[in-house]
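First comes the structure, then the notes that go with it.
The values are calculated or read from the model by the stated rules, or taken from the named source; none is laboratory data. Note that the coordinates shown come from a computational prediction; the quantities given were computed from them, not determined experimentally. A quick note on method: Cβ atoms are made from the backbone with ideal geometry, for glycine too, and the neighbour counts reach across all protein chains shown.
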Amino acid sequence: MASEIDETNRRDFLMIATGAFAAVGGAAALWPMIDQMNPDASALSLASVEVDLSPIEEGQAITVVWRGKPVFIRNRSKQEIDEAMATKVEDLPDPEARNAAISDDAPASDVNRTKKGKENWLVLVGICTHLGCIPKGQRIGDSKGEFGGWFCPCHGSHYDTSGRIRKGPAPRNLDVPPYEFISDSKIKIG
Amino acid sequence: MNRLVGAISAFCSVCFVLAGLWLGSANSPAFAASEAPHTGMQSWTFSGVFGHFDRAQLQRGYKVYQEVCSNCHGMRLLSFRNLGEAGGPEFSEAEVKAIAAGFQVVDGPNRDGEMFERDGKPSDRFVSPFKNDNEARSANNSALPPDLSVIGKARGLHREVPWYLAPFNWLQEIAAGYQEGGADYMFALLTGYAEAPSDFKLAEGMEYNKVFPGHQIAMPPPLSDEAVEYTDGTPQTVTQYARDLSAFFMWAADTKLEQRKQLGFRVMIYLLILTVLLYLAKRKLWSRVKH
Amino acid sequence: MSHESTYKPNSNFEKWMDERLPIIRMSAEISSFPTPRNLNYLWTFGGILTFCLVVQIVTGIILAMHYTPHVDYAFDSVQHIKRNVNFGWLLQGIHMVGGSMFFLAVFVHMFRGLYYGSYKAPREILWILGVVLLLLMMATAFMGYVLPWGQMSFWAATVITNLFSAIPLIGESIVQWLWGGFSVDNPTLNRFYALHFLLPFMIFGVVVLHIWALHVTGNNNPIGIDVKGKQDTLAFHPLYTLKDGFALAVFAILFAWFVFYAPDYLGHPDNYIQANPLQTPPHIVPEWYFLPFYAILRAIPSKLLGVIAMVSSILVLFILPWLDTSRVRSAKFRPLYRIFFWIFVVTCLGLGYLGAKPPEGNYLIFARLFTAYYFIHFLIVIPMLGLIERPKPTPNSISESVLGKSKGGGGQPDAVPAAPENR
């Protein structure tokens, strides 16, 4: 008897409509359970951080925290800037600028990774693009790698003085986060 | 018999929702404000199924809180950004920034290890008037002014009814979605200050209040006519201040109230349709067997 | 009533699977499980309860991702969930209301069992597992209520753990062991959180046993006589799945109404005041589903005896299958038991009402009367009734009663009188 009922109802419109309607509701109910894992309102509201650059001497670097990630801010020396400028984009493993402020396909020239008129300031997300370690090169005495920028000790990636990958397994240049100068010596990241 | 029960329960659930929609949508006269003392259920824009806050009222309420209450009471669970979020007072982004910037927030430690003060940002929490409970007590005649973040839910007004009416009272409150006891209580309290009856013994430094449990409250009457300036022409009376404040506290305690009720309406419609579909499908299937 | 498996693997894969992990066979068995054809809507609460358990576990795990079990942060973290977490207000609301809905459904389920005699042979183990589930639910609900760390949370934790201090000699040590200190404090909150996370999975395990036991004995049914053969039953799917689904949808409307329009109605405003170990709220009451037991506790003017009475009020359910001497299951054929059943329902509702009232004056008198009847009902009325009651004649079979009803069309079930031995 049961199989008889099964048979005759399989193509029944009412059954299909009910089943479909219930399935749609069930699927909709999943969204809150997924969305709750996204960054919450309090985390989103902390998305920008202001940094005073005035205490950073030439050649020095500081690390600040933005969205829980380290951001490297280096006041580059003349020599470091010149080195970065002199490097040809064709020689780079990753020829793209990776700068949040400009288009994706811009070439990775040094000017595309800094702000005009503020070329001494290099602001980078300090996370190796290989597997997420934090490269060395911020502190005095750190190894800065073969290219004078940063060196990631996890798997040996070398970054230059513009934060571009030069040697090692990392696929991309260090990211330049969105930031702007809100005064001559103050930036807002995010 | 079974069919009957099924039909009845489908019918009942439809009726239940419709009754709730009706009870909840109308600011029915049963809830109308009774003048002095205001101890009954008030009419609020945020009650019922289609309840929503009156933006101007919340903005006024914030002003009163800011100019009067915040001298002694904090609201530590709120952030300035909440004032601009949907479903609240909905101040503009610029207004929220200006409000936040008007406060000095303790931050730090800085590079020298010192805590320092800076202008508030929208992501900062409301600034409490006292560093801790003990400081608050010592500044207020050893009475602690409670934090008001969730005060709208931490207070209630319950009607005392004889036992044989209790089930009807519950059903009515549930069907109406009665959640405004906190606002009703706040309004009653703020308008409930009076001269103590001659035979009432009031302790030193206490005030008489018709609504406060025990009738002795340490908080002096916080509101007086014309104490806070309204720019939108709303009457500057104690009753109006109390009403606006109560609404503001209700929002502060339940910032998602509007989202809740809006999503709830859609869910209800969905469930009603699903119930009817399931009932029809079930009836069709069962019509083929004896049971 | 275990039956021969009718499942035949349809494909080579099903056959391969069947020889290794017969999970397809299992689901086929469940969906074709022979279910009495005369079950009414009170039998849909098993499905509703399963739904409640799943909802509580899913929302509970989500809340655990955002909650902080520490006395300094617990209260604020619950507020953080309600204010900041995406849909946190919804998930927390469902979990909070879900506790009440769970108990509402379990009470209906239990009274169904009491009315139709579902606890009697051969379903004693099924019933006992149900009582175990009730106890686990109560423990889980109690510890969950502590987590928001409001005033009611704190004082509920204090009062309930202090019940153990009534135990002579070792009571005090047990209470300190439960607290992990000399008062309810951070260690208590932390362990309650861990246990509140653990217990639902134990409930889930016992539910599996409960359903297993159900599938061994088969369902009881409104006329309480055994299934005699195929003509008495229907396959569970799709007839009963649809019926259960419909009932679940109706239940979901009530559930959603509370979640969206009255989420705090079943709670107490004082729990929105952060726990304060130095000040007890003037009226402490437990959640509504504990009120009858609370009334029993307070009705007895002795600490130890009150605790014993409260605990016994649940423990007595364990021996109920052996207290009932009647050989007829369903109250449908037991005119006297039916009356006492409704008196018992009123007793429980009355205790629930009185549990929220101060224990003084008339309230106390009635609480004592109801408490007395609660135990008299189980210990005297039920054993006696089986001896003195003359049951009405029961039909010969389920199919006969179903067919007879639709043929006769009258109020009187045209049943053939049967000796009680034949039930």
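Restricting the stretch A:118-131 to residues that are more than 10 Å from the chain's Cα centre (by Cα) and not aromatic (F, W, Y), which is farthest from A:E80 (Cα to Cα)?
Looking at residues that are more than 10 Å from the chain's Cα centre (by Cα) and not aromatic (F, W, Y), I get A:L131.
For (1) at pLDDT 90 or above; (2) within 17 Å of B:A253 (Cβ to Cβ), each residue gets a yes or a no:
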position: B:S79; (1), (2): yes, yes
position: B:R118; (1), (2): no, no
position: B:F126; (1), (2): yes, yes
position: B:N132; (1), (2): yes, no
position: B:N169; (1), (2): yes, no
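Kindly check whether there is at least one residue in the stretch C:34-48 that is in contact with a Phe, Trp or Tyr (Cβ under 7 Å, 6 or more places away or on another chain), in the same structural domain as C:Y115 (by TED's automatic domain parsing), part of a helix (DSSP H, G or I) and closer than 30 Å to C:S397 by Cα.
Checking the stretch C:34-48: at least one residue is in contact with a Phe, Trp or Tyr (Cβ under 7 Å, 6 or more places away or on another chain), in the same structural domain as C:Y115 (by TED's automatic domain parsing), part of a helix (DSSP H, G or I) and closer than 30 Å to C:S397 by Cα.
With the structure loaded, tell me whether C:V184 is more than 14 Å from every other protein chain (Cβ to nearest Cβ), at pLDDT 95 or above and closer than 30 Å to B:G182 by Cβ or whether it fails that test. Let's see the steps before the verdict.
Numbers: more than 14 Å from every other protein chain (Cβ to nearest Cβ): yes; at pLDDT 95 or above: yes; closer than 30 Å to B:G182 by Cβ: yes.
Yes; evaluated as a whole, the condition is true for this residue.
If we scan the stretch C:113-133, do we find a residue that is surrounded by 22 or more Cβ atoms within 10 Å (Cβ to Cβ), within 14 Å of another protein chain (Cβ to nearest Cβ) and not aromatic (F, W, Y)?
No, the conditions are met nowhere in the stretch C:113-133.
Just give me the residues in the stretch C:283-307 being in a loop (DSSP other than H, G, I, E, B) and in contact (Cβ under 8 Å) with a residue 24 or more places away in the chain, in sequence order.
Within the stretch C:283-307, C:H283, C:I284, C:V285, C:P286, C:E287, C:I300 qualify.
Do we have any residue at all in the stretch B:90-103 that's touching a residue at least 40 places away in the same chain (Cβ under 8 Å) and either within 12 Å of another protein chain (Cβ to nearest Cβ) or assigned to a loop (DSSP other than H, G, I, E, B) (or both)?
no
Applying the selection to the stretch A:8-67, what residues are touching a residue at least 12 places away in the same chain (Cβ under 8 Å) and in contact with a helix residue (DSSP H, G or I) (Cβ under 9 Å, 6 or more places away or on another chain)?
The answer is A:E58, A:G59, A:R67.
Would you tally the residues in the stretch C:168-183 being of a type in the set (S, T, Y) and touching a residue at least 12 places away in the same chain (Cβ under 8 Å)?
Here is the first cut: in the stretch C:168-183, the residues of a type in the set (S, T, Y) are C:173, C:183.
Then keep just the ones that are touching a residue at least 12 places away in the same chain (Cβ under 8 Å); that gives C:183.
Qualifying residue count, the stretch C:168-183: 1.
Can you confirm whether the stretch A:157-178 contains a residue that is crowded, with 23+ Cβ neighbours inside 10 Å and over 23 Å from A:A86 (Cβ atoms)? Show your work before the answer.
Here is the first cut: in the stretch A:157-178, the ones crowded, with 23+ Cβ neighbours inside 10 Å are A:157, A:159-165, A:170, A:173-174, A:176.
Applying the additional criterion that residues be over 23 Å from A:A86 (Cβ atoms) yields none.
Checked against the condition, which is being crowded, with 23+ Cβ neighbours inside 10 Å and over 23 Å from A:A86 (Cβ atoms), the stretch A:157-178 yields no hits at all.
Residues in the stretch C:49-92 that are surrounded by fewer than 23 Cβ atoms within 10 Å (Cβ to Cβ), among the β-branched types (V, I, T) and more than 9 Å from chain A (Cβ to nearest Cβ): how many?
The total comes to 7.
Count, please, the residues in the stretch B:266-280 that happen to be touching a residue at least 60 places away in the same chain (Cβ under 8 Å) and under 17 Å from C:L91 (Cα atoms).
1
Restricting attention to the stretch B:252-271, which residues are farther than 21 Å from A:A41 by Cα and more than 7 Å from chain C (Cβ to nearest Cβ)?
B:F265, B:R266, B:I269, B:Y270
Being of a type outside the set (D, E, K, R), away from every other protein chain (no Cβ under 12 Å) and in contact with a helix residue (DSSP H, G or I) (Cβ under 8 Å, 6 or more places away or on another chain) narrows it down to one of B:A281, B:A218, B:A247, so name that one.
The match here is B:A247.
For the stretch B:31-43, state whether one or more residues are modelled with pLDDT under 95 and assigned to a helix (DSSP H, G or I).
yes
Going by the structure shown, is A:S42 in contact with a His (Cβ under 9 Å, 6 or more places away or on another chain) and either at positive phi or not β-branched (V, I, T) (or both)? Steps first, answer last, please.
Numbers: in contact with a His (Cβ under 9 Å, 6 or more places away or on another chain): yes; either at positive phi or not β-branched (V, I, T) (or both): yes.
Answer is yes for this residue.
Give the residue, chosen from C:A252, C:A256, C:A235, that is buried (at least 18 other Cβ atoms within 10 Å of the Cβ), under 26 Å from C:A28 (Cβ atoms) and among the aliphatic types (A, V, I, L, M).
C:A235
Yes/no per residue for (1) within 19 Å of the chain's Cα centre (by Cα); (2) more than 14 Å from chain B (Cβ to nearest Cβ); (3) within 30 Å of B:R76 (Cα to Cα); (4) free of Cβ contacts under 8 Å to residues at least 24 places away in the same chain:
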{"position": "C:F192", "(1), (2), (3), (4)": "no, yes, yes, no"}
{"position": "C:G224", "(1), (2), (3), (4)": "no, yes, no, no"}
{"position": "C:L248", "(1), (2), (3), (4)": "yes, no, no, no"}
{"position": "C:F255", "(1), (2), (3), (4)": "yes, no, no, no"}
{"position": "C:H268", "(1), (2), (3), (4)": "no, no, yes, no"}
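Tell me the residue from A:V123, A:V49 that is among the aliphatic types (A, V, I, L, M) and at pLDDT below 90, please.
Details: A:V123 fails: at pLDDT below 90.
Selected residue: A:V49, the only one of A:V123, A:V49 that is among the aliphatic types (A, V, I, L, M) and at pLDDT below 90.
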